[in-house]
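Student: Handing you a structure now.
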Amino acid sequence: MTRVYFYILFLSISFSSFGQVKEFGLFAGGTYYTGDLNRSHMSQVDYSLGAIYKKDFKNERVSLRFQLMYNSVKASDYKTGLSSQVKRNLSFRSTVLEFGPVIEVDFFSFRPGQSNPELSSFGTPYFLLGVNYMKMNPKALYNGQWIELQPLMTENQSIPYSLNQIVIPFGIGVKVNFTPNTVLSIEYGIRKTFTDYLDDVSGMYPNPSNISSLSAELADRTNYGELYQPEGINGTSYGLQRGNPSDKDWYSVFGFMLTYQFINRSTCPSW
């Protein structure tokens, strides 16, 4: 999948040479995760920041942008209020660095700062779709410190899961000409991941005798504060379901994007 991603990235960069209007900008907003520790949308929201480079094609309907996003996701069983999850007592947080190309397809013809009355000079809704690279790093709070979970292999995996993943962003937005040289967009996008370990939770509780003591404590937190008496094997949760491996993790990003346009007045394409 990594090879496929870089091939798509190469094609995107090649196609972007035909754009006539260049835009640079910033993104600011919120993000939230959905998976084994959180099933609700717009719940346990954290922040998202990004840098944007965009080229608009001649047909007035398609833009190609490259985005570098810094997303922070988090979730806690306790905050769901669901008794079964409160008993499980798991929590995590992770930074998610995201980079790659995204295609924007406008509903109506639109160009930043354009004044042609036959086109939509004010604004338009749009779709977005891309293929991005992401790097995650789930952590858990333990004795006042945030501990990286992937090296601990808390579910006794045969090999550590990869922190580098492919993610598919898609969503909708609305863009308007805010000033003659700036475009303001409001956007909501969902990220489909191909991992179930964004939250470090996927399968069964491991046998604590097969992992380190720190891994065992972070894998099974049902005894903390005597919230729950496990009903697994040997007085632990070993043998019980910890997560759902068939349900991959997702995260969503929403917010505002402000871009400034630089017009290439040359009639020759840039290479």
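The values are calculated or read from the model by the stated rules, or taken from the named source; none is laboratory data. Note that this is a predicted model, so its numbers are computed, not measured. To get the accessible areas, we keep the full protein, side chains included, count just its heavy atoms, and leave off ligands, DNA and RNA. Shrake-Rupley method; radii C 1.70, N 1.55, O 1.52, S 1.80 Å.
Student: Give the carbon-plus-sulfur fraction of the accessible surface of region 21-179 in %, rounded to a whole number; probe 1.4 Å, heavy atoms of protein chains only. Intermediate results must be reported in sequence, preceding the final value.
Tutor: Details: 4440 of 7240 Å².
Exposed carbon and sulfur together represent 61 percent of the surface.
Student: Continuing with this model, one more query. After finding the eigenvalues of the alpha carbon gyration tensor for region 23-82, what semi-axes result from the square roots of 5 times each, listed largest first in whole Å?
Tutor: Working: eigenvalues 223, 30, 11 Å².
So the three semi-axes of region 23-82 are 33, 12, 7 Å.
Student: Send over a whole-number figure in Å² for the accessible area per residue of region 79-215, probe 1.4 Å.
Tutor: On the way: 6270 Å² over 137 residues.
Per residue, region 79-215 has 46 Å² of solvent-accessible surface.
Student: Sticking with this one: For region 131-188, state what percent of all Cα-Cα pairs lands in each successive 5 Å bin, counting from 0 Å until the bin that includes the largest distance.
Tutor: 4, 13, 13, 13, 12, 11, 10, 9, 7, 5, 2, 0
Student: Structure shown: which of LYS139/LYS192; LYS74/LYS192; LYS79/LYS192; LYS139/LYS248; LYS22/LYS248 lie over 28 Å apart, alpha-carbon to alpha-carbon?
Tutor: On the way: LYS139/LYS192 21 Å; LYS74/LYS192 17 Å; LYS79/LYS192 24 Å; LYS139/LYS248 18 Å; LYS22/LYS248 36 Å.
Checking Cα-Cα distances, LYS22/LYS248 exceed 28 Å.
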